[in-house]
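Asker: Let me begin by handing over the structure; questions about it come next.
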Amino acid sequence: MRITVIGGGVGCARFVLGLREHIRRSGSGDTIDVVVNTADDWWVSGLRISPDHDSLLYALAGVNDADRGWGRADESERVAAELHRWGTAPDWFTLGDLDLGTHIARTAWLRAGESVSEVYRRLGSRWPLGVTLHPATDTEIDTQVVTDEGRIHFQEWWVRHRAQLAPRGFEQLNIDSAAPAPGARAAIETADVILLAPSNPVVSIGPVLAIPGMRDLLSATRAPIVGLSGIIDGSVVRGMADACLAAVGVETSARAVAEHYGARSAGGILDGWLVDDADAACSDPLAHAGIPTRAVPLWMRDADSSAQVARDALEFAEERSARHMA
């Protein structure tokens with residue numbers, strides 16, 4: 001079975017780790033492709049930084065800093081300190097020396113004319129990831145946050161201001177001229193199951209869905225599409241997704257996020273929705289809205305709980321597929 005995950009960031013990384021572990025334990029030989037959000041990428045000190053991709057890459061390689069949730073383990077920051085002194089990098093955005101090695105390699109390949117897809121392939125070949133990562137698009141679609149003070153890059157809003165500046169909206173540059181990257185397209189077209197990771201619905205999943213042609217691919221696929229809620233009992237599991245949801249008029253709840261994605265039968269994208277046991281009460285209302293919903297424990301605290309979440313998601317997706325085929 002070919003499993004395709006759509007998402008980005010730490011929530012996606014944790015879920016994909018659990019999915020990989022479940023497949024290892026089951027011995028099924030299933031494959032995993034991940035369509036990664038690229039809209040929070042940006043340029044710093046002349047280097048192309050790709051936070052969502054690198055969170056996945058480092059976590060799958062087992063070299064991530066699990067305590068901080070980003071970057072490499074056992075880091076030093078001498079180069080970043082020098083960049084700050086030279087004034088070529090903001091002092092609120094620190095990159096470790098090992099991490100900078102990744103960004104330098106990425107930028108060198110991009111400057112040489114390689115596509116983002118090829119850069120993903122080269123970076124992913126260093127470690128046995130057990131997963132294939134694909135950029136959602138090869139086009140730069142950096143996210144701008146619209147505030148009362150003007151427009152700023154998403155990373156400045158997220159890291160420097162900790163999402164405290166009231167956002168009026170989010171816009172992806174060049175999105176109208178973007179297209180799904182070849183690997184992303186193939187991963188969706190050939191998938192047996194598609195899973196939306198418990199990533200930020202607005203700035204991780206949203207930009208992927210906004211790429212012209214992406215929703216058409218999801219609409220046409222015969223694979224069931226099941227999403228996992230990153231909201232548990234009215235609170236975000238990690239990060240500041242509540243600020244993003246408020247900006248687009250969506251309540252911070254598992255039910256509201258599902259309604260935001262919508263049922264595929266009604267022009268949305270979901271064939272099923274997985275929520276935590278704490279949100280079981282939303283199952284019936286969502287079912288009436290055309291989104292079959294199942295409540296299971298969703299906290300991914302360790303390898304066992306993460307693998308179980310992945311197993312529950314796959315079993316639910318397979319049930320949705322069987323009912324669709326019937």
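Asker: Per DSSP helix of 4 or more residues, -39500 (n - 2.57); summed, then divided by the residues of the chain. What does that give at 222 nm, rounded to the nearest 500?
Answerer: Numbers: 12 runs with 126 residues, N = 326.
So the calculated ellipticity at 222 nm is -11500 deg cm²/dmol.
Asker: Here is a follow-up. Can you give me the pair-distance distribution of the stretch 16-86, C-alpha pairs, 5 Å bins, whole percents?
Answerer: 3, 13, 17, 20, 19, 12, 7, 4, 3, 1, 0
Asker: With a ≥ b ≥ c the root eigenvalues of the C-alpha gyration tensor of the stretch 136-241, is it rounded (a/c under 1.5), prolate (a/b larger than b/c) or oblate? The partial results should precede the final answer.
Answerer: On the way: a/c = 2.90, a/b = 1.42, b/c = 2.03.
Verdict is oblate for the stretch 136-241.
Asker: Over 16 Å apart: what share of the alpha carbon pairs of the stretch 194-243 falls there, rounded to a whole percent?
Answerer: Values: 574 of 1225 pairs.
So the pairs more than 16 Å apart make up 47 percent of the total in the stretch 194-243.
Asker: Given the options TRP157, SER199, ILE6, identify the residue whose Cα lies farthest towards the positive end of the charge dipole of the chain (+1 on Cβ of Lys, Arg; -1 on Cβ of Asp, Glu).
Answerer: ILE6
Asker: Apply the a/c threshold of 1.5 to the C-alpha gyration tensor of the chain and tell me whether it is rounded, prolate or oblate. Could you put the intermediate results ahead of the total?
Answerer: On the way: a/c = 1.60, a/b = 1.39, b/c = 1.16.
Note, shape of the chain comes out prolate.
Asker: Compute the separation of the alpha-carbon centres of the stretch 108-126 and the stretch 277-326 and state it in Å as a whole number.
Answerer: 36 Å
Asker: Provide the net charge surrounding TRP42, with neighbours chosen by a C-beta distance below 11 Å and charges set as Lys +1, Arg +1, Asp -1, Glu -1. Each step should come with its number before you reach the end.
Answerer: Details: positive: ARG48; negative: ASP40, ASP41, GLU140, ASP142, GLU156.
So the environment of TRP42 carries a net charge of -4.
Asker: I need the peptides 185-198, 163-176, 229-242 ranked by packing, meaning the mean over residues of other C-beta atoms within 10 angstrom, with the highest value on top.
Answerer: On the way: 185-198: 22.8, 163-176: 15.6, 229-242: 18.4.
My ranking of the peptides, most packed first, is 185-198, 229-242, 163-176.
Asker: Once the other residues with Cβ under 10 Å from the Cβ of GLN155 are scored (Lys, Arg +1; Asp, Glu -1), what is the net sum?
Answerer: Numbers: positive: ARG160; negative: ASP40, ASP41, ASP142, GLU156.
Charge balance in the 10 Å sphere: -3.
Asker: Under 5 Å between amide H atoms, partner at least 5 residues away or on a different chain: which partners does VAL193 have, H built in plane at 1.01 Å?
Answerer: Distant-sequence amide H within range of VAL193: ARG2, THR4.
Asker: How many percent of the accessible area of the stretch 192-272 is carbon or sulfur, using a 1.4 Å probe?
Answerer: Working: 1200 of 2720 Å².
Here carbon and sulfur together make up 44 percent of the probe-accessible area.
Asker: Just by accessible area at a 1.4 angstrom probe, what is the order of THR88, THR4 from largest to smallest?
Answerer: THR88, THR4
Asker: Given a 1.4 Å probe and every protein chain left where it sits, what share in percent of the accessible area of the stretch 114-163 is carbon and sulfur? Intermediate results must be reported in sequence, preceding the final value.
Answerer: Details: 1000 of 2330 Å².
Of all accessible area on the stretch 114-163, carbon and sulfur atoms account for 43 percent.
Asker: Run the quick spin-label model on GLN164 and THR88: label points 7 Å from Cα toward the beta carbon, then report their separation in nm to one decimal.
Answerer: 3.1 nm
Asker: Computing the accessible area with a 1.4 Å probe over protein heavy atoms, can you report the carbon and sulfur percentage for the stretch 20-86? Could the numbers behind the result be given before it?
Answerer: Details: 1500 of 3070 Å².
With neighbouring chains kept in place, the figure for the stretch 20-86 is 49 percent.
Asker: Relative to the Cα centre, what is the charge dipole magnitude of the stretch 141-289, using +1 at the beta carbon of each Lys and Arg, -1 at the beta carbon of each Asp and Glu, and rounding to the nearest 20 debye?
Answerer: Working: 10 positive and 18 negative charges, 63 e Å.
Charge dipole of the stretch 141-289: 300 debye, to the nearest 20.
Asker: A follow-up question, please. When ligands, DNA and RNA are left out and all protein chains stay put, how many square angstrom of accessible area per residue does the stretch 173-239 have with a 1.4 Å probe? Intermediate results must be reported in sequence, preceding the final value.
Answerer: On the way: 2390 Å² over 67 residues.
Roughly 36 Å² per residue, with all protein chains present.
Asker: Taking H placed 1.01 Å from N in the peptide plane, check which residues at least 5 places from TRP70 or on another chain put their amide H under 5 Å from its amide H.
Answerer: Amide H neighbours of TRP70, under 5 Å, 5+ apart: ASP65.
Asker: A follow-up question, please. Counting only heavy atoms of the protein chains, get the accessible area per residue of the stretch 262-310 (1.4 Å probe) and round it to a whole Å² value. Please list the in-between numbers first.
Answerer: Details: 2160 Å² over 49 residues.
Per-residue value: 44 Å².
Asker: Across 5 Å bins from the origin, how do the percents of Cα pairs in the stretch 223-326 run, short distances first?
Answerer: Whole-percent P(r) values from 0 Å outward: 2, 13, 22, 25, 21, 11, 4, 1, 0.
Asker: Compute the acute angle (0 to 90°) between the alpha-carbon long axis of helix 303-325 and the principal axis of greatest extent of the alpha-carbon atoms of the chain; round to the nearest 10°.
Answerer: Relative to the chain, helix 303-325 is tipped by roughly 50 degrees.
Asker: Hey, what did the stretch 1-45 get for relative contact order, percent, Cα under 8 Å, at least 6 apart?
Answerer: On the way: 33 pairs, mean separation 26.5, N = 45.
After rounding, I find 59 percent.
Asker: Taking only Cα atoms, what is the 0 to 90° angle, nearest 10, from helix 51-61's long axis to the longest principal axis of the chain?
Answerer: So the inclination is approximately 80 degrees.
Asker: I need to check one value: relative contact order of the chain, counting alpha carbon pairs closer than 8 Å and at least 6 residues apart, in percent.
Answerer: Values: 634 pairs, mean separation 63.9, N = 326.
This gives 20 percent for the chain.
Asker: Percent of Cα-Cα pairs more than 18 Å apart in the stretch 32-186, please. Show your work: numbers first, answer last.
Answerer: Numbers: 7330 of 11935 pairs.
So the portion of pairs separated by more than 18 Å is 61 percent.
The values are calculated or read from the model by the stated rules, or taken from the named source; none is laboratory data. Just so you know, these numbers come straight off a predicted model, no measurement behind them. Backbone-built Cβ (ideal geometry, glycine too); neighbour counts: all protein chains shown. To get the accessible areas, we keep the full protein, side chains included, count just its heavy atoms, and leave off ligands, DNA and RNA. Shrake-Rupley method; radii C 1.70, N 1.55, O 1.52, S 1.80 Å.
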